[in-house]
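Peer 1: First the structure, which I've put down as structure tokens, then a few questions once you've had a look.
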């Protein structure tokens, strides 16, 4: 399975994917400080800058932006191969289609997870460094704050990675459509905001658990039906 995942990496347009990744890292690394310094600076109801523990409540959801990177990988790994008809060549390997789709999905999850963990680290370091220069957060981070951030970064990265698979079945394998995949990824990122707009209160942990479950279901359906969806 590892070799199949490595094959997916070698087949990618790596310069293009790495370029996208750098853009995501650049934006999400400095976005927490931008929100703390500019967006929420004059809002009395926003208390994210009162302490580092409060700031984490802002920094964690921001990294959901990597769901978009997952949508991009679905496009590269699945949709483009279907449109270029190179998927038929892959399905011609002496390996079952279900195993190939499993490897592709695992590659996407692994890539998004690793990149999101790195993004969390970059965002944490940048936020602390900019706070030292600009004074955007009250107080200093404690060892407990750092430990909680590291733990939640790992858990949240897994949430992001699994959530990125939600569009896989409907728009990656079945419809094979890039734009709906991207739109659906944006909807996932904006889900908390959308729920607030329609005044639905949902426990964040329950919401993230549901997103993970939907991602797993999407991956399962993709593996289950790949033999019946055709190559074209």
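Peer 1: Does residue 161 meet the test of being more than 13 Å from the chain's Cα centre (by Cα), in contact (Cβ under 8 Å) with a residue 24 or more places away in the chain and either crowded, with 23+ Cβ neighbours inside 10 Å or closer than 29 Å to residue 227 by Cβ (or both)?
Peer 2: No, not satisfied.
Peer 1: State whether one or more residues within the stretch 138-145 are buried (at least 21 other Cβ atoms within 10 Å of the Cβ) and either part of a helix (DSSP H, G or I) or out of contact with any helix residue (DSSP H, G or I) (no Cβ under 9 Å at 6 or more places or on another chain) (or both).
Peer 2: Checked against the condition, which is being buried (at least 21 other Cβ atoms within 10 Å of the Cβ) and either part of a helix (DSSP H, G or I) or out of contact with any helix residue (DSSP H, G or I) (no Cβ under 9 Å at 6 or more places or on another chain) (or both), the stretch 138-145 yields no hits at all.
Peer 1: Any residue at all in the stretch 80-90 that's within 23 Å of residue 182 (Cβ to Cβ), without any contact (Cβ under 8 Å) to a residue 40 or more places away in the chain and more than 23 Å from the chain's Cα centre (by Cα)?
Peer 2: Scanning the stretch 80-90, I find at least one residue that is within 23 Å of residue 182 (Cβ to Cβ), without any contact (Cβ under 8 Å) to a residue 40 or more places away in the chain and more than 23 Å from the chain's Cα centre (by Cα), so the answer is yes.
Peer 1: Right, something else. Consider only pairs whose beta carbons are under 8 Å apart and that are at least six residues apart or on different chains; among these, list those whose first residue lies in the stretch 175-186 and is over 8 Å from residue 71 (Cα atoms) and whose second residue is in a loop (DSSP other than H, G, I, E, B).
Peer 2: Every condition considered, the pairs that remain are 180/167; 184/166; 184/167.
Peer 1: Something else: Restricting to the stretch 111-137, and then to whatever is outside any loop (DSSP other than H, G, I, E, B) and more than 25 Å from the chain's Cα centre (by Cα), can you tell me which residue is surrounded by the fewest Cβ atoms within 10 Å (Cβ to Cβ)?
Peer 2: 133
Peer 1: Would you confirm whether or not the stretch 190-202 contains a residue that is under 13 Å from the mean Cα position of the chain (by Cα) and crowded, with 21+ Cβ neighbours inside 10 Å?
Peer 2: No, the conditions are met nowhere in the stretch 190-202.
Peer 1: Still on this structure, please answer the following. When you scan the stretch 216-230, how many residues do you find that are in contact (Cβ under 8 Å) with a residue 60 or more places away in the chain and either within 16 Å of residue 188 (Cα to Cα) or surrounded by 14 or more Cβ atoms within 10 Å (Cβ to Cβ) (or both)?
Peer 2: Within the stretch 216-230, residues that are in contact (Cβ under 8 Å) with a residue 60 or more places away in the chain and either within 16 Å of residue 188 (Cα to Cα) or surrounded by 14 or more Cβ atoms within 10 Å (Cβ to Cβ) (or both) number 4.
Peer 1: Just a yes or no: is a residue in the stretch 147-161 within 17 Å of residue 219 (Cα to Cα) and outside any helix (DSSP H, G or I)?
Peer 2: No; the residues of the stretch 147-161 include none that is within 17 Å of residue 219 (Cα to Cα) and outside any helix (DSSP H, G or I).
Peer 1: Please report, ordered by residue number, the helices (runs of 4 or more DSSP H) entirely within the stretch 32-87 with at least 3 residues that are at pLDDT below 90 and crowded, with 17+ Cβ neighbours inside 10 Å.
Peer 2: Counting at least 3 such residues, we get 52-62.
The values are calculated or read from the model by the stated rules, or taken from the named source; none is laboratory data. Computed from a prediction, not measured in an experiment: that's the story for all the values here. Positions of Cβ are backbone-derived with ideal geometry, glycine not excepted, and every protein chain shown enters the neighbour counts.
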